[in-house]
Amino acid sequence: MKNYNIAIIGCTGAVWVEMIKCLENLKIPISQLKLWASPRSTGKIVETFMWNIEIKEVNEDFFENIDYALFSAGWEKSKKYIPIAVDKWVVCIDNSSYFRYDENIPLVVPQINWDTIWNSKIIANPNCTTAIAAVVLNPIYKKYGIKKIIMSTYQATSWGWAKAMAELEGNTQKYFSWEKATIEQFVDNIAFNVIPHIDKFQENWYTKEEMKVVWETQKIFWDNNIDISCTCVRIPTFRAHSESIVLETEKNVDIEDIKNILENAPWVDLVDDIENNKYPMPLYASGKNNVEVGRIRKNLVFGDKWIELFISWDQLLRGAALNAVEILEVCINNLKK
Ligand SMILES: NC(=O)c1ccc[n+]([C@@H]2O[C@H](COP(=O)([O-])OP(=O)(O)OC[C@H]3O[C@@H](n4cnc5c(N)ncnc54)[C@H](OP(=O)(O)O)[C@@H]3O)[C@@H](O)[C@H]2O)c1
């Protein structure tokens, strides 16, 4: 089997920590691993399961002889350097939102739409809030069809930047010592609070994070007829997001059958034992490859085709790093390089 030269842009971040484990666990055949972070980190040595690697300085030669590049350093870096990498025949898998809404760029959850990759040189990794719901919704969509989705999220501080988790930790300590909270990563104090505001407000008064769920779900399922409304809320947990999802199916649903198909769905763990207080929770979903789903029931308000469920998952791992490395795996297995 051929081994590949792989570059990672953003090799000191929260997503990176999971990404390097995924490269090892999925046994990606690597001959060279090239790492890049900000100028602050240039020259530092990073320990990996293969070698200790020095973080390189940024320049255009960085992409010479690279087969695949995983971008995980924010959209400005993706915007600037992905076109340079593509010019050098590098296939780029991008964790940022920069290319997601370009109709010529596939937005991929490998379990659902790996076949949209074709020969694309840029593949966008979806927003974690969307990607994970899609993993759970996919088997329901296939069997019953989905017409409408109403979603509320409970999002941990690990989305975005490692600094955000540090702000939660710092402000929690400050709360007990009566010190003034630091408010840099969020719009308000995140400790002992919930904030119904993630990303910028749009003209329709939804936030961009909420609209990402709409745009990206429709793109992943290739179905603009699914009506979606989402409220995204930041909560003071470190890791793993959760979502309450209410959805309308095309056909009448049988709740036991929904449980059955989710129990047998790939990358999904059914955790729905209410007698023993077992349901999805972020504390237990952290560090897991699979998405937990539970609290599955008929909705009391809207009628027979409406169901409710609750999901939790590790967004750094399943929501970002693992999805990106699985895209890489699909490319290695299917693209001629
Ligand atoms: N966290 C999540 O749950 C999640 C989920 C889905 C997608 N994403 C996306 O994944 C990306 C990374 O997120 P993260 O949480 O890992 O962020 P993070 O912890 O803040 O790490 C950011 C990385 O980017 C590097 N970087 C910053 N400025 C740079 C520059 N000028 N040139 C090159 N590298 C630079 C940083 O290097 P230094 O250490 O040297 O500053 C660091 O390695 C973002 O695009 C984010 O939107 C994150």
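The values are calculated or read from the model by the stated rules, or taken from the named source; none is laboratory data. Note that this is a predicted model, so its numbers are computed, not measured. Backbone-built Cβ (ideal geometry, glycine too); neighbour counts: all protein chains shown. Remember, those area values only see protein heavy atoms, side chains included, never the ligands or the DNA or RNA. Shrake-Rupley method; radii C 1.70, N 1.55, O 1.52, S 1.80 Å.
Structure notes:
- Rough spin-label spacing in nm, given labels placed 7 Å along Cα→Cβ, for Asp223 and Gln202: 2.0 nm
- Listed by chain and number, the lysines whose C-alpha is less than 25 Å from the C-alpha of Lys174, apart from same-chain residues fewer than 8 away, are Lys163.
- Under the combined filter of DSSP loop state and at most 12 neighbouring Cβ atoms within 10 Å, segment 14-122 retains these trypsin sites (Lys or Arg not before Pro): Lys27.
- Entries in Lys34/Lys208; Lys121/Lys212; Lys44/Lys200; Lys21/Lys44; Lys21/Lys208 that, when Cα-Cα distance is taken, lie over 27 Å: Lys34/Lys208; Lys44/Lys200; Lys21/Lys208
- Here the accessible area is traced with a 1.4 Å probe on the protein chains. For segment 130-314, carbon and sulfur cover 53 percent of it.
- Modelled FRET efficiency - R0 30 Å, Gln32 with Asp115, Cβ distances, 0.05 increments: 0.55
- Average accessible area per residue (Å²) across the chain - probe 1.4 Å, nucleic acids and ligands excluded: 49 Å²
- Using C-alpha pairs under 8 Å with a sequence gap of at least 6, the mean separation divided by the residue count of segment 167-251 gives a relative contact order of 27 percent.
- Chymotrypsin sites (Phe, Trp or Tyr not before Pro), loop per DSSP, at most 11 other Cβ atoms within 10 Å - longest free stretch of the chain: 223-337
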